[in-house]
Amino acid sequence: MTSQHRLRAIPTEDRAWLLAALADALEGGAPVLPVADGVNSAEVERILEQPLPAETALVIRTSGSSGVPKAVALSAKALKSSAEATHEALGGPGGWLVALPIHLISGLQMLVRSAASGIDPVFVDGPFDPEKLLHAAEGMNVGRRYVSLVPVQFARLLDLAESDEEAADALRRFDAVLVGGQQISLALRQRAHELGVALKRSYGMTETSGGCVYDGVEIGDTRVRIRGGEVQLAGSALALGYLGDPELTATSFIEETDRNGELNRWYRTGDAGELLGGMLTVTGRLDRVLVSGGVNVSLDQIEQVAREFAGWETTIALATEHPEWGERPMLVVETREGSVPFDEVRAAIREKLGPAATPEWVTESQEIPRLPGGKPDLVAVEEWLRQLRASFRETRAAQVAQPARLNADSKDTK
């Protein structure tokens, strides 16, 4: 079945319109496609032309960190279920401080939670500024305060709080600081603990209406299982599927009958993980694996080890060709003063993950390209490295050619 309503594209800069349209969609009105400024109009039109699954309330275009964005259809039931489960897990409804893009599920879900609680959200505009965020938080006249961030934002807040007691007090006044989108290093968690910040590690994605596992434990009616090393999720917060891609929908959302004869729908996340004592630990992406000397190496695990060191919190691990090993890992990191030397990081990776995981070299960048949701833009990083290598090759060629020209000129003058 398809939706009886036509999808409406709403620009995110018109918040009043977006909030009103979202409230209508959650009550059975026309579904909404939030559109950020600068999005290709042809892509928006393509999405608007796709048939919608019945019960669609919201369509979110994913960030596509690996290069292929998808349009995910979500029902009002799924969105509300997610919002209710979040408030139940955090101790009750409250006010949400929105510092994430509202065309992505990470920011949009805070608007859904606000609609569920009846408390207007507070927005922090412009490039992320920890002082600006905490100032906005002080103006929240509500009983409970919540904020959702990505790790790079949270790290900058902790930097400020560690040097400013007033900032630390403001950060501690949040009843919960949700941090998701990427894995959070142990060092970052320890810093939050020492400051008394109510950190909640959130795991989820657009296909699950946002976070559905907090600190390794399912919220609401979410269920987790591991099949073939892959994290799979079930529950009422699951998306309806992908617009215009029935094959991907059928591959990603699988249906199985349990021992009681009940039909269950599971989402295949593509994440590797394990359940220890009933708690979920996500170890990386199944597709972020290279083969080095015949040994499978997880790029995500390399990042986890490196990010525990001072100055290496932004590390990205990538695969590069190698004449002897086939593939070898390399690191990209944002330049930081006082960073631990590369040799020390390299030795730790070798000790914990083995010789095949040992990175050959590191490339420093002033700023790593990021997607609107805060995740590293791996496609942009790899393109930057390609251009950098091409520039190095041209420089080397010029250096080789120059002595040859000088030698030829010398002979001509004799």
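The values are calculated or read from the model by the stated rules, or taken from the named source; none is laboratory data. Worth saying up front: this structure is predicted, and the values here are computed from it rather than measured. Glycine gets a Cβ as well: all are built from the backbone with ideal geometry, and neighbour counts include every protein chain shown. For accessibility, only protein heavy atoms count, side chains too; no ligands or nucleic acids. Shrake-Rupley method; radii C 1.70, N 1.55, O 1.52, S 1.80 Å.
Odds and ends about this structure:
- Among residues of region 273-291 being at pLDDT below 90 and crowded, with 20+ Cβ neighbours inside 10 Å, the one that is nearest to the chain's Cα centre (by Cα) is 288.
Condition check ((1) more than 17 Å from the chain's Cα centre (by Cα); (2) surrounded by 21 or more Cβ atoms within 10 Å (Cβ to Cβ); (3) not β-branched (Val, Ile, Thr)) across all residues:
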{"position": "161", "(1), (2), (3)": "yes, yes, yes"}
{"position": "167", "(1), (2), (3)": "yes, yes, yes"}
{"position": "172", "(1), (2), (3)": "yes, no, yes"}
{"position": "177", "(1), (2), (3)": "no, yes, no"}
{"position": "187", "(1), (2), (3)": "yes, no, yes"}
{"position": "190", "(1), (2), (3)": "yes, no, yes"}
{"position": "196", "(1), (2), (3)": "yes, no, yes"}
{"position": "202", "(1), (2), (3)": "no, yes, yes"}
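- Scan of region 225-260 for residues that are assigned to a strand (DSSP E or B) and among the polar types (S, T, N, Q), ordered by number: 232, 257
- Scan of region 304-322 for residues that are of a type in the set (Asp, Glu) and either in contact with a Phe, Trp or Tyr (Cβ under 9 Å, 6 or more places away or on another chain) or surrounded by fewer than 16 Cβ atoms within 10 Å (Cβ to Cβ) (or both), ordered by number: 321
- For region 115-126, the count of residues that are touching a Pro at 6+ places or on another chain (Cβ under 8 Å) and under 15 Å from residue 207 (Cα atoms) is zero.
- Of note, residue 335 does not satisfy the criterion of being in contact with a Leu (Cβ under 7 Å, 6 or more places away or on another chain), surrounded by fewer than 17 Cβ atoms within 10 Å (Cβ to Cβ), at negative phi and touching a residue at least 24 places away in the same chain (Cβ under 8 Å).
- The C-beta contact set for region 239-264 (first residue over 24 Å from residue 80 (Cβ atoms) and modelled with pLDDT of 90 or more, second residue of a type in the set (Gly, Ala, Ser) and assigned to a strand (DSSP E or B), distance under 9 angstrom, 6+ apart or interchain) comprises 244/71; 245/71; 248/241; 250/241.
- Some residue of region 366-375 being touching a Phe, Trp or Tyr at 6+ places or on another chain (Cβ under 6 Å) and part of a loop (DSSP other than H, G, I, E, B): no
- Residue among 30, 76 that alone is under 21 Å from residue 242 (Cα atoms), in contact with a helix residue (DSSP H, G or I) (Cβ under 6 Å, 6 or more places away or on another chain) and either open to solvent by 20 Å² or more (accessible area, probe 1.4 Å) or of a type in the set (Gly, Ala, Ser) (or both): 76
- Of all residues in region 358-373 being farther than 30 Å from residue 102 by Cβ and out of contact with any Pro (no Cβ under 6 Å at 6 or more places or on another chain), the one that is surrounded by the most Cβ atoms within 10 Å (Cβ to Cβ): 358
- Total residues in region 71-87 satisfying the condition of being charged (D, E, K, R), in contact (Cβ under 8 Å) with a residue 60 or more places away in the chain and under 11 Å from residue 116 (Cβ atoms): the figure is 1.
Per-residue answers, yes or no, for (1) more than 19 Å from residue 58 (Cβ to Cβ); (2) among the small types (Gly, Ala, Ser):
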residue: 190; (1), (2): yes, no
residue: 194; (1), (2): yes, no
residue: 200; (1), (2): yes, no
residue: 209; (1), (2): no, yes
residue: 212; (1), (2): no, no
residue: 227; (1), (2): yes, no
residue: 245; (1), (2): no, no
